[in-house]
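As C-alpha coordinates, the structure follows; a few thoughts come after it.
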Amino acid sequence: MSKYARRIDANHSEIVKVFRELGCSVFDCSRVAGGFPDLLVGRNKKTVLVEIKSSEKASFTSAQEMFMLNWRGSTVVRINDIDGAIRLVKLLDNASQ
(Lines give C-alpha, C1' and ligand atoms only; values in the text may rest on other atoms or scores of the structure.)
Protein backbone atom coordinates (compact mmCIF):
# COMPACT_ATOMS: atom_id res chain seq x y z
CA MET A 1 0.00 0.00 0.00
CA SER A 2 1.40 3.39 -0.93
CA LYS A 3 1.98 6.13 1.64
CA TYR A 4 -0.84 8.14 0.04
CA ALA A 5 -3.40 5.43 0.73
CA ARG A 6 -2.57 5.54 4.45
CA ARG A 7 -2.47 9.29 5.06
CA ILE A 8 -5.60 11.34 5.69
CA ASP A 9 -5.87 15.09 6.13
CA ALA A 10 -6.29 16.50 9.65
CA ASN A 11 -9.80 17.79 8.87
CA HIS A 12 -11.00 14.48 7.40
CA SER A 13 -12.95 13.19 10.41
CA GLU A 14 -14.52 16.57 11.07
CA ILE A 15 -15.76 16.89 7.48
CA VAL A 16 -17.14 13.33 7.49
CA LYS A 17 -18.98 14.14 10.72
CA VAL A 18 -20.54 17.28 9.19
CA PHE A 19 -21.74 15.42 6.10
CA ARG A 20 -23.37 12.77 8.29
CA GLU A 21 -24.94 15.34 10.63
CA LEU A 22 -26.48 17.01 7.57
CA GLY A 23 -28.10 13.72 6.56
CA CYS A 24 -25.70 12.48 3.90
CA SER A 25 -24.57 8.90 3.40
CA VAL A 26 -20.79 8.79 3.57
CA PHE A 27 -18.47 5.99 2.51
CA ASP A 28 -14.86 6.57 3.48
CA CYS A 29 -12.56 5.53 0.63
CA SER A 30 -9.40 7.10 2.02
CA ARG A 31 -7.69 3.70 2.27
CA VAL A 32 -8.20 2.98 -1.43
CA ALA A 33 -5.03 3.47 -3.47
CA GLY A 34 -4.59 4.67 -7.02
CA GLY A 35 -5.62 8.27 -6.40
CA PHE A 36 -9.24 7.35 -5.69
CA PRO A 37 -11.05 10.21 -3.87
CA ASP A 38 -11.41 10.20 -0.08
CA LEU A 39 -15.19 9.96 0.13
CA LEU A 40 -18.35 8.94 -1.65
CA VAL A 41 -21.11 11.25 -0.43
CA GLY A 42 -24.74 10.49 -1.18
CA ARG A 43 -27.70 12.83 -0.87
CA ASN A 44 -31.04 13.08 -2.69
CA LYS A 45 -30.22 10.09 -4.92
CA LYS A 46 -27.00 11.76 -6.07
CA THR A 47 -23.48 10.48 -5.44
CA VAL A 48 -20.45 12.76 -5.33
CA LEU A 49 -16.77 11.85 -5.26
CA VAL A 50 -15.04 14.08 -2.70
CA GLU A 51 -11.34 14.73 -2.21
CA ILE A 52 -10.53 16.33 1.15
CA LYS A 53 -7.58 18.69 1.40
CA SER A 54 -6.30 20.40 4.53
CA SER A 55 -6.20 23.86 2.95
CA GLU A 56 -6.68 25.74 -0.31
CA LYS A 57 -2.91 25.57 -0.84
CA ALA A 58 -2.66 21.78 -0.50
CA SER A 59 -1.93 20.14 -3.83
CA PHE A 60 -3.16 16.89 -5.33
CA THR A 61 -0.83 13.92 -5.53
CA SER A 62 0.20 12.74 -8.98
CA ALA A 63 -2.02 9.66 -8.50
CA GLN A 64 -5.01 11.90 -7.69
CA GLU A 65 -4.33 14.04 -10.75
CA MET A 66 -4.16 10.95 -12.97
CA PHE A 67 -7.39 9.57 -11.50
CA MET A 68 -9.24 12.84 -12.17
CA LEU A 69 -7.78 13.10 -15.68
CA ASN A 70 -8.90 9.58 -16.61
CA TRP A 71 -12.21 9.40 -14.72
CA ARG A 72 -15.19 9.50 -17.07
CA GLY A 73 -17.83 9.99 -14.39
CA SER A 74 -18.74 13.15 -12.53
CA THR A 75 -16.14 15.67 -11.48
CA VAL A 76 -14.31 15.06 -8.20
CA VAL A 77 -15.28 17.77 -5.71
CA ARG A 78 -12.50 19.23 -3.59
CA ILE A 79 -13.48 20.12 -0.01
CA ASN A 80 -11.03 22.08 2.16
CA ASP A 81 -13.20 22.84 5.20
CA ILE A 82 -16.58 22.51 6.89
CA ASP A 83 -17.99 25.47 4.95
CA GLY A 84 -17.19 23.67 1.72
CA ALA A 85 -19.03 20.58 2.94
CA ILE A 86 -22.08 22.67 3.84
CA ARG A 87 -22.01 24.38 0.42
CA LEU A 88 -21.88 21.00 -1.33
CA VAL A 89 -24.90 19.74 0.63
CA LYS A 90 -26.83 22.90 -0.28
CA LEU A 91 -25.95 22.39 -3.95
CA LEU A 92 -27.16 18.80 -3.79
CA ASP A 93 -30.39 19.96 -2.15
CA ASN A 94 -30.99 22.60 -4.83
CA ALA A 95 -30.19 20.14 -7.64
CA SER A 96 -33.02 17.87 -6.53
CA GLN A 97 -35.71 20.56 -6.71
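List of remarks:
- Looking at the chain, the trypsin sites (Lys or Arg not before Pro) that sit in a DSSP loop and have at most 11 other Cβ atoms within 10 Å of their own Cβ are ARG7, ARG31, LYS45, LYS57, ARG72.
- Angle between the chain longest axis and helix 12-21 axis [Cα atoms, degrees, rounded to 10]: 20 degrees
- Working note: 222 nm ellipticity from helices only, DSSP H runs with n ≥ 4, each -39,500 (n - 2.57), summed and divided by the residues of the chain, gives -11000 deg cm²/dmol to the nearest 500.
- Cα gyration tensor, the stretch 27-89 - rounded (a/c under 1.5), prolate or oblate: oblate
- Loop GluC sites (Glu not before Pro), the stretch 12-94 (other Cβ atoms within 10 Å of the site Cβ: 16 or fewer; DSSP): GLU56
- Rounded to 10°, Cα long-axis angle of helix 82-95 versus longest principal axis of the chain: 50 degrees
- Here the spin labels are modelled as points 7 Å beyond Cα on the Cα-Cβ line, and at LYS57 and ARG31 they lie 3.3 nm apart.
- Surface analysis of the stretch 5-46 yields an accessible area of 59 Å² per residue, using protein heavy atoms and a 1.4 Å probe.
- Rolling a 1.4 angstrom probe over the chain with all protein chains present gives an accessible area of which 52% lies on carbon and sulfur atoms.
The values are calculated or read from the model by the stated rules, or taken from the named source; none is laboratory data. Since the structure is predicted, the reported quantities are computational estimates derived from the model, not experimental observations. Counting neighbours? That spans all protein chains shown, and the Cβs are built from the backbone with ideal geometry, glycine included. Just so you know, the surface numbers come from the protein's heavy atoms only, side chains and all, with ligands and any DNA or RNA stripped out. Shrake-Rupley method; radii C 1.70, N 1.55, O 1.52, S 1.80 Å.
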